[in-house]
Every structure is written in C-alpha cells, then in structure tokens.
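First up is the structure itself, then whatever we jot down about it.
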Amino acid sequence: MEAVTTILRRELAGYFATPVAYVFIVIYLVMNGVFTFYLGGFFERGLADLEPFFRFHPWLYLFLVPAISMRLWAEERRAGTIELLLTLPVTTGQAVLGKFLAAWLFLGLALLLTVPIWVTVNYLGDPDNGVILAAYAGSWLMAGGMLAIGSCMSAVTRSQVIAFILSVAACFVFLLSGLPMVMNVFSGWAPQFLLDGIASLSFLSHYSDISRGVIDLRDLVYFVLVAGFWLLANVIVLELRKAD
Amino acid sequence: MIEVKSLSRHYGHLKAVDDLSFTVEPGQVLGFLGPNGAGKSTTMKMLTGFLAPTAGSARINGHDVVADSLAARRCLGYLPEGAPSYGEMTVLDFLLFVARARGIPAREVHTACERVVDRLNLAGVRHQVIDTLSKGFRRRVGLAQAIIHDPAVLILDEPTDGLDPNQKHEVRKLIAEMASDKIIVISTHILEEVQALCNRVMIISQGRLLADDTPAGLIARSRYHNAVTLAADDVRRIASVLSELPEVARAEVKEGELTVFPAGAGLFDAVSRSVAEHGWAVSELRYEAGRLDEVFRMITQGESA
Ligand SMILES: Nc1ncnc2c1ncn2[C@@H]1O[C@H](COP(=O)(O)OP(=O)(O)OP(=O)(O)O)[C@@H](O)[C@H]1O
Ligand SMILES: [Mg+2]
C-alpha cells in the first residue's frame, strides 16, 4: 500500500508541475458551462435540478478522460522511465493502481470544482440534493471506468496520440453499447442473453440510473468491475511487453 | 552474488543475448565490454528483472529475477541506459520519490537524499527541474538514484557517458570507494575506464561471451605485451640492427615508430643497451604493457591488428 501511495503522490504532483492540470481544469469547466447553460438549457427549463449538467458528462468524458489517461503509460515508455519505475521494488499492479488512483483523484478534483453550479441551483430553487450527490458519485465512477480503459490503452503504445485514439474508440463502444442503434445491429439474430449482456455493458444505462438518484448496488458493482477488468488487462499488457 | 545460467534473449530471429553464464562475487567490479548491439544492455535489463529471459535464469543474492523478482530488485541499484528520469520533477523531489519507493523509512529519506546529493555534487541543482539540466548532470542524478539505498548489487549501464573529465574522475572514485563490499557491474565503451575501475572484464559480441578475464590478463593477450616501441629519425636502419638481437623476435615500423616484439625476457634492457652503444638519436623509448583497444578489436572482430 505504501508503494501505491508513493507512486500516487508523485503522479498527482506531476499533473500540477506541468500545465496539464490547469489546461485540463479550465477546459473541463468551460465545456461544462457551455453544455449546461446553452445545450442543456439550464435556466430555460425552470427546474431546480442539475440534469442538464450531468446529462452531458458521458460525452465530455469521452474526450477529456482519454486526454488525461493517454500519457499514463505511453509517456513512461517514450521517456524510458518505465525501466526505472518497473525495476523499483514495486509490483506492476501497485504501479498501475497508483497511477490510476492519481488520475482518478485528479478527475475527482476537477469535478469538485463544479460545486458552484450546485450552489447556484440551491440558491435558485430547492433541488433534491440527494439526487445531485448520487449523480456526482455516478459521474466520478463513470470517469473511473473510462480512465481504466484509457490507462490500459496507454500501456499498449509509446505514442500518446495512438493511446488517445484507441481510448476514445474503446470508451465510445462502451458508451454506445446500450443504445438502440447498436442493439438493432444485434437484435434479430443474436440470442437474448447476448443482447442483455451487451446492453448491460453500457456506461450510459448504469450512469443514467445513478444520476436519477437510484443507487443500485448493481450499478456500483458494474463500474468497479469495469475498472477492475481494464486495470487487470493493463497489468497483463505491461507484464507481457514491458520493454517493447 | 549474481548467478547467471544459460541466459538468452531473442528478438524474433535475432539472438540479442545467447547462452550467457557467469557468476559475480562481492568485491568484484565487472566491466561489460562489447561493440554496439552486443547485448550488454539487454543482459542488464534481464538482471534487473525488467526484461524476461527467453531461456535460462539469473539470481541476485539467491533470488531468481523472474520468480522472486521483488526480492531480487530490493538488492539492486540500477542506472538504465540513457539515465531516464522524470523530467518535470526537481532533482530533490525525484530522489525523494525513489528513496520512498525503495522502502527507505520516512525518517531517513531526507538524510539518504542529502547523502547522495553530496556524493554526486548535485547540491547546486537540488531544486532545479531535471528537464533543464545538462546531460552530464542528468546522468549524475541517475547515478544518485541508483545508490540512494546503498544496494548490495549495482548495475550501471554506461555510467560515465556524457560526463566531463572531472566528473568522470569523481564517479570513478565513487565507484572504487563502494567496490569493496558490493557487486558492481558496469558497461562502458571507454577502455581506460575498465583498466581504472574493474577487476574483471567480460567481452561480449552478438550476445556471446568471448572473453572473461582480469584487465591485466586481457592486456597480456595483446601482441604488444612486453614489446618495446621507439621513435627516431632513422627507424628503418635501427630496425635492421635490432632485429639481429637474440631477444627480438620481430621488428615493425609504423607511422615513424619502431616496435620490436620479444623473443624472450629482457627485451627492454637489450634495446636500451643497443641504443646507447650505437649512439642513436632516439626521441622516445617506451615499454609496452599491451593495448586493450587492440585486444578488444582482436577479440570482437577476430582480427589481429
Ligand atoms: N526491443 C527490441 N526489439 C528488437 N530488437 C532489439 C530490442 N532491443 C534491443 N534489440 C536488439 O538487441 C541487440 C542488443 O542490443 P543492446 O541494447 O543490448 O546492445 P548494447 O550492447 O547495449 O549496445 P550499445 O553499446 O549500443 O549500448 C541489438 O541488435 C538491438 O538492435
Ligand atoms: Mg547498451
């Protein structure tokens, strides 16, 4: 555990030692504002909730999370520091977890900085704060799931650009798998259990459950499993081809 | 102790390391020599557990580098080729990170860092961002990182590459100081460094071990071992006279210098007596211990010049 925190601390400090953190946070907040107030019609709706804010998070994360995750391992490969890191007495699993947690905490921090919008909605009306809290949790969990995918993709290559593209593509598949347009491709010929399986893989369905305030243990387990699966894959990818 | 048994690493058809076996004992400073692409770095990567061997095994202080990788890595300090480090960190932050990751107790982390900062003359750049350091300073940060936990086994891939002559001297002194109770494996292309530092040399080429000897033993393989070289105006005439001596096996003139090779002992005395007797105007007369670069070429290219 100590090894994980050591790596976590280094990584987290790394975000703020470069402009990465500040650029990301500014863009994240601006995009959130644009989506919520223009596309989401926050004021026009006249409802005291944050639905327009949370509705766009999956699409925001689709691009912003891979932007954070792309450097996790690709950069270590490019700079050769992977050789330093993985010859320290830390396991590959500890290194993967430390880096993941640092990035996840960082995304959590960016999310926390949107609290003014929560304050605003409380000032303007009388929202159900339980639902909002649940939606925040759901948003962070979904970010974690995507981050795990991105971290694994980043371990595949030494190019951050390739890592970014692979991550966006993989996250896109996970987002869309529940939508009708994807399901239509399979329905008719695929057996029902497969259809259910594909539908239940979707980030969207689980996220929308949570963000409506319905906290189902299955949704939580889903995100934990997705993150766990991809992080495990991340470890395996690294173990198999550390030095390439 | 390092025990390597039939270690091999293949990249597709290329045998980067081919059936290498050796052991290294504490107190030995082993120099890895070999032409570019010989497999030196690949061997070191396997010793440090970074690269899995295709075949064979390596043990560090009894711990297998694959099966018991963590324990093996705990005994090690490693400077990878090119001395990679986290460029966005300051020198001190980077060293603190490595110290913590190496499991140095929190109380001692700062003293450990200050100690290596002192030993590698990094005090002036302690708070500088690594990316802004010159190449030599970066190499010294890499060395500091490798010795921060006072490891029993040190593996250094080209430790003095890019250092100025003063720093080279300092680093060699540092390595010599640490040598008595440690195992140190270094790779280098600087042959004088091998003579200055190592008490054992392994020459590898195309992944195979070609020679395993002391520096003195290697030098003794040189054609020039115990030869005598002199420089004068009229070396050809001198050559013809000297080749008559019973102590001289052969005489060779090259670039205005005459080298005579021994047939038996006492060559230097015989030559200097001759010089005195004939009253030749000799501008230089020297005894040859042997030339390591020539041995290196001979062994790695199979050529004898
Ligand atoms: N990831 C890799 N994929 C394919 N071939 C590789 C890889 N890494 C190294 N090689 C090859 O393995 C051989 C040995 O390389 P290595 O880096 O061990 O040489 P070296 O002795 O350290 O050389 P140098 O003196 O130039 O540092 C080389 O032919 C190199 O091209
Ligand atoms: Mg090398």
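The values are calculated or read from the model by the stated rules, or taken from the named source; none is laboratory data. Just so we're clear, the structure is a prediction, and the values are computed from it rather than from any experiment. Please note: Cβ atoms are built from the backbone with ideal geometry, for glycine as well, and neighbour counts cover all protein chains shown. Note: areas computed on protein heavy atoms with side chains; ligands, DNA, RNA excluded. Shrake-Rupley method; radii C 1.70, N 1.55, O 1.52, S 1.80 Å.
Miscellaneous remarks
- Residue match in segment A:160-174 (condition: within 16 Å of ligand 2 (Cβ to nearest atom), surrounded by 14 or more Cβ atoms within 10 Å (Cβ to Cβ), hydrophobic (A, V, I, L, M, F, W, C) and over 17 Å from A:PHE100 (Cα atoms)): no
- Test: B:GLU255 is among the acidic types (Asp, Glu) and either under 31 Å from the mean Cα position of the chain (by Cα) or open to solvent by less than 50 Å² (accessible area, probe 1.4 Å) (or both): yes
- Against the criterion of being at pLDDT below 95, away from every other protein chain (no Cβ under 12 Å) and either over 21 Å from A:LYS242 (Cβ atoms) or touching a helix residue (DSSP H, G or I) at 6+ places or on another chain (Cβ under 9 Å) (or both), B:GLY27 qualifies.
- Any hit, segment A:1-20, residues being touching a residue at least 40 places away in the same chain (Cβ under 8 Å), assigned to a helix (DSSP H, G or I) and over 24 Å from B:TYR86 (Cα atoms): no
- From the list A:ALA155, A:ALA148, the lone residue that is more than 22 Å from A:SER208 (Cα to Cα), assigned to a helix (DSSP H, G or I) and among the hydrophobic types (A, V, I, L, M, F, W, C) is A:ALA155.
- Within segment A:229-244, residues that are over 22 Å from A:LEU201 (Cα atoms) sit with their Cβ atoms under 7 Å from residues that are in a loop (DSSP other than H, G, I, E, B) and aromatic (Phe, Trp, Tyr), at 6+ positions apart or across chains, in these pairs: A:LYS242/B:PHE50; A:ALA243/B:PHE50.
- Positions within segment B:201-228 being within 13 Å of the chain's Cα centre (by Cα) and either open to solvent by 60 Å² or more (accessible area, probe 1.4 Å) or over 29 Å from B:PHE268 (Cβ atoms) (or both), in sequence order: B:MET202, B:ILE204, B:ASP212, B:THR214
- Search result, residues across segment A:175-187 that are of a type outside the set (A, V, I, L, M) and either buried (at least 24 other Cβ atoms within 10 Å of the Cβ) or in a helix (DSSP H, G or I) (or both): A:PRO180, A:ASN184, A:PHE186
- Odd one out for B:ASN166, checked against (1) modelled with pLDDT under 95; (2) open to solvent by 10 Å² or more (accessible area, probe 1.4 Å); (3) part of a loop (DSSP other than H, G, I, E, B): (3)
- Picking from residues in segment B:140-194 that are hydroxyl-bearing (Ser, Thr, Tyr) and within 21 Å of B:PRO26 (Cα to Cα), the one that is farthest from ligand 1 (Cβ to nearest atom) is B:SER180.
- Options A:LEU88, A:LEU141, A:LEU133; residue that is more than 14 Å from chain B (Cβ to nearest Cβ) and either closer than 27 Å to A:VAL235 by Cα or under 15 Å from the mean Cα position of the chain (by Cα) (or both): A:LEU141
- The single condition from (1) free of Cβ contacts under 8 Å to residues at least 24 places away in the same chain; (2) under 26 Å from B:ALA179 (Cα atoms); (3) open to solvent by 30 Å² or more (accessible area, probe 1.4 Å) that B:GLN28 fails is (1).
- Of all residues in segment B:38-84, those being of a type in the set (Lys, Arg), more than 10 Å from chain A (Cβ to nearest Cβ) and crowded, with 24+ Cβ neighbours inside 10 Å number 1.
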